Amino acid sequence: MTTVKYLMDGGNLEDIKYCNEFFPLAGVTTNPTLVAKEKAEYWPLMHSIREIIGPDKMLHIQTVQTTTEKIIEEAELLRDKIGGNLYIKVPISEEGLKATMQLKKRGFGVTVTAIFTPAQALLAAMAGADFVAPYANRLDNIVVDGTKVVEDIMQQFKLYNLNCQVLAASFKNVEQVHKCALCGCSAVTISANLFKHIISHPMTDAAIAGFETDWKDLYGDKTILDF
Ligand code: E4P
């Protein structure tokens, strides 16, 4: 089994640059809400994201169309203009599944998104989706265990030997991400802020402060480079 892939969820260029520098990101995911939040020109924003992460990392861009024909048209345009390792995010619906099948025939990577149940995920996988994106936190908010849904989807794909990965999304805390990693989830997409929360720990801060104090007590401002 390959390790869980970490992607950054968002369209903020500073955040993407920051996360891409300190961590081997597998890619970036966006959705219309995250893009609109940036209040930027669409194509320059998408080009800049691609430029920061390069052509090999995954970029999941969501269609804003609702009919199969228009979804395909938008996907072709995204492939022409942005290219690279591109996944078209399609919210699940009848048109979305129809579009998924057609996009796969045309050689696109497809992520079926806005998944809230294992049954939806199963249909998306059978339609040929490369990834399904279940929304962990939005499920937790309606008192349905979001990470359990992620786990059930993983089990279901394993049971039927389906070649579809689970890109768990909509995280608001470290615990949700950790539970997904524990259940063998293929990928998680998280905000820059959540990356910071995962890395930091008060005990780590205390340990680092202790190293600094003990060193300075004996060597003052000298560092190893001075010896
Ligand atoms: C992934 O790309 C999803 O669209 C995103 O994680 C949804 O997150 P939200 O529930 O915080 O809006």
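Dividing the mean sequence gap of close Cα pairs (under 8 Å, 6+ apart) by how many residues the stretch 141-227 holds gives a relative contact order of 24 percent.
Taking amide H as placed 1.01 Å from N in the peptide plane, the amide H of Ser186 sits under 5 Å from that of Val166, each at least 5 places away or on another chain.
Charges only on Cβ, +1 for Lys and Arg, -1 for Asp and Glu: so what's the dipole of the stretch 5-201 about the Cα centre, in debye to the nearest 20?
Numbers: 20 positive and 21 negative charges, 42 e Å.
That gives the stretch 5-201 a dipole magnitude of about 200 debye.
Near Gln62: Cβ cut-off under 12 Å, other residues only, Lys/Arg at +1 and Asp/Glu at -1. The net charge is -1. Each part reduced to its alpha carbon centroid, the stretch 93-156 and the stretch 157-176 end up 9 Å apart.
Just to confirm the filter: which GluC sites (Glu not before Pro) across the stretch 1-74 are DSSP coil and have at most 10 other Cβ within 10 angstrom of their Cβ?
Working: sites: Glu14, Glu21, Glu38, Glu41, Glu51, Glu69, Glu73, Glu74; in loops: Glu38, Glu41.
Here the sparse-neighbourhood loop sites are Glu41.
Of the residues Ala129, Ala207, Ala121, the one that moves most in a GNM of the chain with alpha-carbon contacts below 10 Å is Ala207. Axis of helix 68-81 versus longest Cα principal axis of the chain: the two differ by about 40°, to the nearest ten degrees. Helix 13-22 and the longest principal axis of the C-alpha atoms of the chain enclose an angle of approximately 60°. Overall form of the stretch 5-201: oblate. Here a/c, set by the Cα gyration tensor axes a ≥ b ≥ c, is 1.5 or more, and a/b is not larger than b/c. Between Ala119 and Ser48, full extension at 0.36 nm per residue minus the direct alpha carbon distance yields a gain of 21.9 nm. With each label modelled as a point 7 angstrom along the Cα→C-beta vector, the Asp214-Asp56 pair spans 3.9 nm. By the beta carbon rule, with partners counted only under 4.7 Å, the chain holds these lone Cys residues: Cys19, Cys164, Cys183.
For the chain, relative contact order (Cα pairs under 8 Å, six or more residues apart, normalised by length) works out to 17 percent.
The calculated FRET efficiency for the pair Val64 and Lys105, based on their C-beta separation and a Förster distance of 25 Å, comes to about 0.70.
Highest GNM mean-square fluctuation among Asn31, Asn193, Asn12, for the chain modelled with Cα contacts below 10 Å: Asn193. Return, ordered by residue number, the residues of the stretch 132-176 whose backbone nitrogen is under 17 Å from a label point located 7 Å along Cα→Cβ of Phe23. Flagged as within label range: 136-137, 167-176. In this label model, Asn193 and Thr223 are separated by 3.2 nm, measuring between points 7 Å along each Cα→Cβ vector.
Coordinate-derived values only; no laboratory data. Note that the structure is a prediction, hence the values are computed from the model and not measured. Please note: Cβ atoms are built from the backbone with ideal geometry, for glycine as well, and neighbour counts cover all protein chains shown.
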